[in-house]
Amino acid sequence: IAKEVVKLLEMKAQLGGDEGKHKFVLKTPKGTRDYSPKQMAIRERVFNAIITCFKRHGAEVIDTPVFELKETLTGKYGEDSKLIYDLKDQGGELLSLRYDLTVPFARYLAMNKITNIKRYHIAKVYRRDNPAMTRGRYREFYQCDFDIAGQFDPMIPDAECLKIVHEILSDLQLGDFLIKVNDRRILDGMFAVCGVPDSKFRTICSSVDKLDKMPWEEVRSEMVGEKGLSPEAADHIGEYVQLHGGLDLIEQLLQDPKLSQNKLAKEGLGDMKLLFEYLTLFGITGKISFDLSLARGLDYYTGVIFEAVLLQPENDHVEEPVSVGSVAGGGRYDGLVGMFDPKGRKVPCVGVSIGIERIFSILEQRVEASEEKIRTTETQVLVASAQKKLLEERLKLISELWNAGIKAEVLYKKNPKLLNQLQYCEDTGIPLVAIVGEQELKDGVVKLRVVATREEVNVRRESLVEEIRMRTSRP
């Protein structure tokens, strides 16, 4: 039957009788979206805040291709590797769309033999995930990454990454947040003393990582039922992963008879103590929690790991609170660059990724709720005329303004009514109107009207640029 169907379809295709009937589906692919001018205006605000922070901390910017050789990405993401988009063989190379910005960064460092850089990179990444668009989860989305690569004294760069997360989340005013911190070495040490076999470390790690979304009972049954861990080991892990606190908890665990015997865990706890001392100097420990359940499923982390979560949902109008979960995450990955280097030379790295989509969906909801008017252009002045036959004069004036760097618009009509021109300013939020009329031209002035107050002043043509700048410069 299948063969006959194929034959019939081929015949149908040759006949081509369906032309003109096929309804074209107008939609974006699953897990993607368009952004309207209003949404882009909100996004730009967020990007600007983030870039300003990255630059304040002395970062340079780089860019890398949107696709990489498939082998560059393979084996770097643990259980998440199945979410990588593979491209068809094009021109003899097997390619995949980048899954994050960290692996391309490591490839870039190894390829260019760079051992020391502080960089940021803002670009789109791709994941063949089951999208949950309402919660800001997409298949194509932006990541904003900041990383410090190089051999430095322990925990100083790591503390700066946490300070950056704190600055950005405070600046964006998203509501209360908490930055959870843990260390891969503490986790691995804990797994070892709890009796998890080496071969199961990573897979158990990705189960622990689900504790923010699932209750302990479900995580425990996944470990025992699906992943074959002994119930005793699982219960043992349960005693640890439900602990969280600050310096006091670190001290307590350093005294823990089992953990303190484990070399990895001891190293991790020692560094964690140092980290908290630096965070105290930065004055941000109030928002930081040492949390033993934090695991972060990615394979490449080797030391400190952290994740920022929003605490209370920012939406009073919805009965069911919209939890947006994690809005930033990162950690130390000292082995990744060495994976790419032919001689295996390691470059220690620590970095953070800001979850721009989640942040953006919160701000978008907030703007919707507050009905705040968002300007989608930055036009400072509309060049208008009060009488007919003044198109040439309007074009002359707007050209002068553009050449002086003023953001200006003109209506594309020979003889627009003054009322329509003023209405356009109201609709788009343009603050000033420069009106040319016959009398003004004779007197060598331009009538400048403030849209909000309707106040009008005559300004000499040669002083107009200065006047507009003065009236539209942000206080």
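The values are calculated or read from the model by the stated rules, or taken from the named source; none is laboratory data. Here the structure is a predicted model, which is why all the values come from computation and not from measurement. We place every Cβ from the backbone using ideal geometry, glycine too, and count neighbours over all the protein chains shown. When the accessible area is computed, the model is the full protein with side chains, heavy atoms only, and any ligands, DNA or RNA have been set aside. Shrake-Rupley method; radii C 1.70, N 1.55, O 1.52, S 1.80 Å.
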- Would you point out the residue of region 323-357, among those that are of a type in the set (D, E, K, R) and not in a loop (DSSP other than H, G, I, E, B), that is modelled with the highest pLDDT? R332
- Of the residues I237, I179, I250, which is β-branched (V, I, T), open to solvent by less than 20 Å² (accessible area, probe 1.4 Å) and outside any helix (DSSP H, G or I)? I179
- Could you check, for region 160-172, whether at least one of its residues is surrounded by 19 or more Cβ atoms within 10 Å (Cβ to Cβ) and modelled with pLDDT under 85? no
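Which residue, of D129, D145, D153, is assigned by the TED database to the domain that holds E364, open to solvent by less than 10 Å² (accessible area, probe 1.4 Å) and acidic (D, E)? Working first, answer last.
Numbers: D129 fails: open to solvent by less than 10 Å² (accessible area, probe 1.4 Å); D153 fails: open to solvent by less than 10 Å² (accessible area, probe 1.4 Å).
Just one listed residue meets the conditions, D145.
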- Restricting to region 290-308, what's the tally of residues that are open to solvent by less than 20 Å² (accessible area, probe 1.4 Å) and either closer than 13 Å to I204 by Cβ or aliphatic (A, V, I, L, M) (or both)? 6
- Filtering region 428-475 for residues that are loosely packed, with under 13 Cβ neighbours inside 10 Å, in contact with a strand residue (DSSP E or B) (Cβ under 6 Å, 6 or more places away or on another chain) and among the hydrophobic types (A, V, I, L, M, F, W, C) leaves a count of 1
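Open to solvent by less than 20 Å² (accessible area, probe 1.4 Å) and among the hydroxyl-bearing types (S, T, Y) - does that describe any residue in region 85-93?
Step one: of region 85-93, the residues open to solvent by less than 20 Å² (accessible area, probe 1.4 Å) are none.
No, every residue in region 85-93 fails to be open to solvent by less than 20 Å² (accessible area, probe 1.4 Å) and among the hydroxyl-bearing types (S, T, Y).
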- Item | Cross-chain or 6+ apart pairs with Cβ under 7 Å, region 212-228 first and part of a helix (DSSP H, G or I), then of a type in the set (K, R) | V219/K210
- When you go through L269, L229, L259 one by one, which is the residue that is more than 20 Å from L178 (Cβ to Cβ), open to solvent by less than 30 Å² (accessible area, probe 1.4 Å), of a type outside the set (D, E, K, R) and touching a Pro at 6+ places or on another chain (Cβ under 9 Å)? L229
- Message: When you scan region 199-208, do you find a residue that is assigned to a loop (DSSP other than H, G, I, E, B) and either open to solvent by 10 Å² or more (accessible area, probe 1.4 Å) or closer than 17 Å to L279 by Cβ (or both), even just one?
- Response: no
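Which one of Y138, Y99, Y108, Y120 is assigned to a strand (DSSP E or B) and either open to solvent by 40 Å² or more (accessible area, probe 1.4 Å) or not charged (D, E, K, R) (or both)?
Values: Y138 fails: assigned to a strand (DSSP E or B); Y99 fails: assigned to a strand (DSSP E or B); Y108 fails: assigned to a strand (DSSP E or B).
Just a single option satisfies the conditions, and that option is Y120.
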- Could you tell me which numbered condition K55 fails, if it satisfies all but one of (1) touching a His at 6+ places or on another chain (Cβ under 6 Å); (2) open to solvent by 60 Å² or more (accessible area, probe 1.4 Å); (3) of a type outside the set (F, W, Y)? (1)
- So which residues in region 58-82 are open to solvent by 30 Å² or more (accessible area, probe 1.4 Å) and basic (K, R), if there are any at all? K70, K82
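Only one residue in Y333, Y424 is in contact with a strand residue (DSSP E or B) (Cβ under 7 Å, 6 or more places away or on another chain) and open to solvent by 30 Å² or more (accessible area, probe 1.4 Å). Which one?
Details: Y333 fails: open to solvent by 30 Å² or more (accessible area, probe 1.4 Å).
Testing whether each residue is in contact with a strand residue (DSSP E or B) (Cβ under 7 Å, 6 or more places away or on another chain) and open to solvent by 30 Å² or more (accessible area, probe 1.4 Å) leaves just Y424.
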- What are the residues in region 337-356 that are surrounded by 20 or more Cβ atoms within 10 Å (Cβ to Cβ) and either acidic (D, E) or over 13 Å from the mean Cα position of the chain (by Cα) (or both), if any? V337, V347, P348, C349, V350, G351
- When you go through (1) open to solvent by 30 Å² or more (accessible area, probe 1.4 Å); (2) of a type in the set (D, E, K, R); (3) not in a loop (DSSP other than H, G, I, E, B) one by one for K113, which number turns out not to apply? (3)
- Do we find a residue being modelled with pLDDT of 95 or more and touching a Cys at 6+ places or on another chain (Cβ under 6 Å) anywhere in region 363-383? yes
- Note on the structure: Matching residues in region 58-98 (in contact with an Asp or Glu (Cβ under 6 Å, 6 or more places away or on another chain), under 30 Å from K163 (Cα atoms) and at pLDDT 90 or above) number 1
